[in-house]
Amino acid sequence: MSRLDRYVSSYFLSSYGVCLLFFVGMFVVIDLFGKSDEIVENAAAVRELGHSSGMLLLQYYSLMVPFIFLQVAPFVTVVAAMFAITRLRRNNELVPMIVAGLSVFRVLVPVFAFSLLLAAFMVAVQEYVSPSLADSRDRCKKLLFDAEETSLVSDFYSLGNGCVVTVQGYDVNKKAIACFDISDLGKPDEPSVAGSNAWWDEGAGAFLYEAESVDATGAAAKEVRSMPAALTPSLIVSRKRGPHDLSYSQAQYLYEKTQEAKWKVLLHYHLTFPLSNLLLLLLALPFVLRQSGRSLLLGMVIAIVICAAYFSFDALMRNLGDKDVLHPVLAAWFGVIFFGSLGVVLIDNVKT
């Protein structure tokens, strides 16, 4: 890196650090303010369980940091870049750089380079950090806001070929299901199978339960039966998580087990969302670079509006993909291709 690159990088990284702290801090303050009543009400019950509300609070929001980062990282990148350019303009440093024979693009090479590094860092956090912390964070959340140590999951699971399993009261810690119902939508004439107290058996690789049966003598007896093999603890736990708590491999696992389009969309979203670090720069920086003086604020507002339009459009496309209206690949990548092309055109028209 040249001296100029190091100088511009220092502007961008310092702005990035301040913006990241601001976004994370605002997220924590707003979330804490909205849940403060629950924390106070459950403080006594939490102490009876042998925990400290203060330590749980600190641990919970520490575990939330990777999750918050994955949500706000692209916004932080573009805001930090705009602040860095604003600082260069305010200190009358950008024009001398251009007069010295450097194009605007050459000056901003470190900013684009760091946006790609941040995209790679997001992929690493999404794959290895956030999913590994999700269970610990959820346990802290359950203790803080519900004063309970047991985490229960209730949901229904489409396992392919018309098989649908409804689960009520799955204990995450004990890997046990309180109640369940198994239906085959492909065979509507066959009755559904209902049961209770199913447990996970590692050897069998399936949930087992006891069912009433009749032996050869006509006497009532109990036999151990297995639930569909596609239903696993990993599927149940992963299904209840949000998109930023699932790694690429977990999303792939969910798609293979259920064949639901939304998991295929999520697979590609794990790639397209980090790319928005670079895409937002292509969309926003032209409006900041074209403006000067009093109109600089207007350029920043226009840039933010366009970035918001991109995320709104991308969310709409992914929603259509989740509902299987659009092909999952098209739903995940159309916004990136369309707005990416627009960003290239916009930045190509900037006077260098």
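The set of residues in region 222-253 that are part of a helix (DSSP H, G or I) and in contact with a Lys or Arg (Cβ under 6 Å, 6 or more places away or on another chain) comprises Pro233, Leu235.
The sole residue among Ser115, Ser154, Ser132 that is in contact with a helix residue (DSSP H, G or I) (Cβ under 7 Å, 6 or more places away or on another chain) and either under 30 Å from Pro191 (Cβ atoms) or modelled with pLDDT of 85 or more (or both) is Ser115.
Give the residues of region 254-274 that are in a helix (DSSP H, G or I) and at pLDDT below 85, sorted by residue number. Even if it seems obvious, please write down each step before you answer.
Pass one, region 254-274, residues in a helix (DSSP H, G or I): 254-258, 261-274.
The answer is Leu254, Glu256, Lys257, Thr258.
Any residue in region 215-227 that is surrounded by 14 or more Cβ atoms within 10 Å (Cβ to Cβ), at pLDDT 85 or above, touching a helix residue (DSSP H, G or I) at 6+ places or on another chain (Cβ under 7 Å) and closer than 21 Å to Leu254 by Cβ? Steps first, please.
Within region 215-227, the subset surrounded by 14 or more Cβ atoms within 10 Å (Cβ to Cβ) is 225-227.
Narrowing the set further to residues that are at pLDDT 85 or above leaves 225-227.
Keeping just the survivors that are touching a helix residue (DSSP H, G or I) at 6+ places or on another chain (Cβ under 7 Å) gives none.
The answer is no, given that none of the residues of region 215-227 is surrounded by 14 or more Cβ atoms within 10 Å (Cβ to Cβ), at pLDDT 85 or above, touching a helix residue (DSSP H, G or I) at 6+ places or on another chain (Cβ under 7 Å) and closer than 21 Å to Leu254 by Cβ.
Taking region 36-65 as the range and being of a type in the set (Val, Ile, Thr) and either closer than 13 Å to Glu148 by Cα or touching a residue at least 40 places away in the same chain (Cβ under 8 Å) (or both) as the test, the residues that pass are Ile39, Val46, Val65. When region 102-124 is filtered for residues that are under 15 Å from the mean Cα position of the chain (by Cα) and buried (at least 20 other Cβ atoms within 10 Å of the Cβ), the ones remaining, listed by number, are Ala119, Met122.
Given the residues Val29, Val40, Val18, which is the only one that is over 27 Å from the mean Cα position of the chain (by Cα), more than 29 Å from Asp348 (Cα to Cα) and not assigned by TED's automatic domain parsing to the domain that holds Lys351? Spell out how you get there, then give the answer.
Details: Val29 fails: over 27 Å from the mean Cα position of the chain (by Cα); Val18 fails: over 27 Å from the mean Cα position of the chain (by Cα).
Checking each option against the conditions leaves just Val40.
Within region 251-277, restricting attention to residues that are buried (at least 21 other Cβ atoms within 10 Å of the Cβ) and in contact with a Pro (Cβ under 6 Å, 6 or more places away or on another chain), the residue that is nearest to Leu117 (Cα to Cα) is Asn277. Considering the conditions (1) closer than 24 Å to Gly321 by Cα; (2) in contact (Cβ under 8 Å) with a residue 40 or more places away in the chain, Tyr253 is excluded by exactly one of them, (2).
One line per residue, one yes/no per condition, for (1) outside the structural domain of Val329 (by TED's automatic domain parsing); (2) in contact with a Gly (Cβ under 7 Å, 6 or more places away or on another chain); (3) under 24 Å from Asn161 (Cα atoms):
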{"residue": "Cys179", "(1), (2), (3)": "yes, yes, yes"}
{"residue": "Leu185", "(1), (2), (3)": "yes, yes, yes"}
{"residue": "Asp189", "(1), (2), (3)": "yes, no, yes"}
{"residue": "Gly195", "(1), (2), (3)": "yes, no, yes"}
{"residue": "Arg225", "(1), (2), (3)": "yes, no, yes"}
{"residue": "Ser247", "(1), (2), (3)": "yes, no, no"}
{"residue": "Ala251", "(1), (2), (3)": "yes, no, yes"}
{"residue": "Val265", "(1), (2), (3)": "no, yes, yes"}
{"residue": "His268", "(1), (2), (3)": "no, no, no"}
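For Ser132, the criteria (1) in contact with a strand residue (DSSP E or B) (Cβ under 8 Å, 6 or more places away or on another chain); (2) assigned by TED's automatic domain parsing to the domain that holds Ala44 hold in every case but one, which is (1). What number goes with the only condition from (1) closer than 25 Å to Asp135 by Cβ; (2) surrounded by 18 or more Cβ atoms within 10 Å (Cβ to Cβ); (3) within 23 Å of the chain's Cα centre (by Cα) that Gly34 does not pass? Result: Gly34 passes all but (2).
The values are calculated or read from the model by the stated rules, or taken from the named source; none is laboratory data. These numbers come from a predicted model, not from an experiment. A quick note on method: Cβ atoms are made from the backbone with ideal geometry, for glycine too, and the neighbour counts reach across all protein chains shown.
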